[in-house]
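Working notes for the structure below.
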């Protein structure tokens, strides 16, 4: 019989901002819950390498859910009647609702790109709910590299092909070809307008509120080839957050976990080991 | 907007132009899959390397012509302009961060894309690939 991967996928329906959303998620491992939030226009497959790595799953229950509108999760009923826009409020609700629905006790949340942005909001507004937060390609604001986002969703440009090409240069120049194209393949598969809708949250200049890194550690890791969220963007953001820990990842681009999993492991494993050694604060989680 | 007139070295500019011309005629057209990906594209575009404009005529994804200098009253759909430093860094193998992609170069002011960019966006990976073709090292 063929070898099975340890990843298990399931569906559940969770309530997100007064909408019932059928959500798909995958998980592997046991121990500290570790929720991974994918980039815009992608899905939880970006984290398959973490879920297949025993050095991580030995101590962490790695979970990755497809946001509504993404991957195998479906949009809420009536989605066809309005333009999708991922707001900060909706994004926070998605993550907190997922964590509460699965009764995760003080999970670690790691998000990449837009996910890296939203962990800053989680750190500010709901930090005590989490054991630690990790922002990949994370900053409070990034300068756009294409100002006209209409090309992400218009009838005279193929959405899937454009979405992949739009971010193909953000993969590190020396990342393995196999994983470069796998990462881009996922970008070809989002629904019409989903990438554009996701970037709504990315174009908003976020106001960094108080972030208590003593209670909830915040790690920020950014690839040197990322010209969307540049290393300078991350360093600037972190300089306003006392205690935030920054790592600039050599050779890496905007999608570290999927574009170069072997190199990424060298960066993320020490972070997870540090998190594992911390005691969990005893704070009750509030409803999303 | 990229400063297209600066030119530390005429020799470098000349070398980059020749490298690009050879890549278009030999590199693109001998890559059947790349030509196939551009099969719905027919357009005349301008690529400017430093102070030198090159006219690139594309028919159904195949390079029909690539020549230095522009004919009088020449029309084109769009242009991609960059400094010699930008093209030189872009074609390094591997390129350095922030110099490795057309969008990175335009974001940081080393290149510009002007004109009707719809065909550029509709065939974005094709254009990224042909513009990066001189990097491969297969065409010296």
Footprinting exposure proxy for A:69, B:36 (fewest neighbouring C-beta atoms within 10 Å first): B:36, A:69
For the protein assembly as shown, projected area of the alpha-carbon convex hull averaged over all directions, nm²: 22.4
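Go ahead and estimate [θ] at 222 nm for chain A from helices alone: -39,500 (n - 2.57) per DSSP H run with n ≥ 4, summed, over the residue count, rounded to 500.
Helix-only estimate at 222 nm: -9500 deg cm²/dmol.
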Given R₀ = 45 Å, FRET efficiency for residue B:92-residue B:40 by Cβ-Cβ distance, to 0.05? 0.90
Expressed as a rounded percentage, what relative contact order does the range A:1-97 have, with Cα pairs under 8 Å and six or more residues apart? 31
List the relative contact order of chain A as a percent without decimals, with contacts defined as Cα pairs under 8 Å and 6+ residues apart. 20
Which distance in nm do the two modelled labels at residue A:232 and residue A:1 give, with both placed 7 Å along the Cα-to-Cβ direction? 5.6
Starting from the Cα gyration tensor of chain B, multiply each eigenvalue by 5, take the square root, and state the resulting semi-axes largest first in whole Å. 21, 17, 15
Residues residue A:87 and residue A:12, FRET efficiency given R0 of 22 Å [Cβ-Cβ distance, rounded to 0.05]: 0.45
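What does the average come to when, for each residue of peptide A:229-239, you count the partner chain Cβ atoms lying within 10 Å of its Cβ? Could you put the intermediate results ahead of the total?
Details: counts 0, 5, 2, 0, 0, 0, 0, 0, 0, 0, 0.
Partner-chain Cβ atoms within 10 Å, mean over residues of A:229-239: 1.
Can you show me the helix-derived [θ] at 222 nm for chain B, built from DSSP H runs with n ≥ 4 at -39,500 (n - 2.57) apiece and divided by the number of residues, rounded to the nearest 500.
Details: 6 runs with 45 residues, N = 140.
For chain B, the value works out to -8500 deg cm²/dmol.
Based on the Cβ-Cβ distance from residue B:75 to residue A:148, what FRET efficiency comes out when R0 is 22 Å, to the nearest 0.05?
Numbers: r = 23 Å, r/R0 = 1.05.
The calculated FRET efficiency here is 0.40.
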Mind ordering A:191-202, A:236-247, B:80-91, A:268-279 by average Cβ neighbours within 10 Å, highest first? B:80-91, A:191-202, A:236-247, A:268-279
What is the average number of partner chain Cβ atoms found within 10 Å of a Cβ in B:113-125? 4
With each label point set 7 Å from Cα along the Cα-Cβ vector, what nm distance links residue A:54 and residue A:239? 4.5
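Can you tell me how much longer the chain between residue A:185 and residue A:274 gets when fully stretched, taken as 0.36 nm per residue apart minus their C-alpha distance, in nm with one decimal?
Numbers: separation 89, 0.36 × 89 = 32.04 nm, distance 3.33 nm.
Contour length minus the Cα-Cα distance gives 28.7 nm.
How many Cβ atoms of partner chains, on average, are near each residue of B:86-97 if near means within 10 Å of its Cβ?
Working: counts 0, 0, 0, 0, 0, 0, 1, 2, 5, 4, 3, 13.
Mean partner-chain Cβ count within 10 Å for B:86-97: 2.
None of the figures in this text is laboratory data; all of them are computed from the coordinates on show. Predicted, not measured: the structure shown is a model, and the values here were computed from it. Cβ: placed from backbone, ideal geometry, glycine included. Neighbour counts: every protein chain shown.
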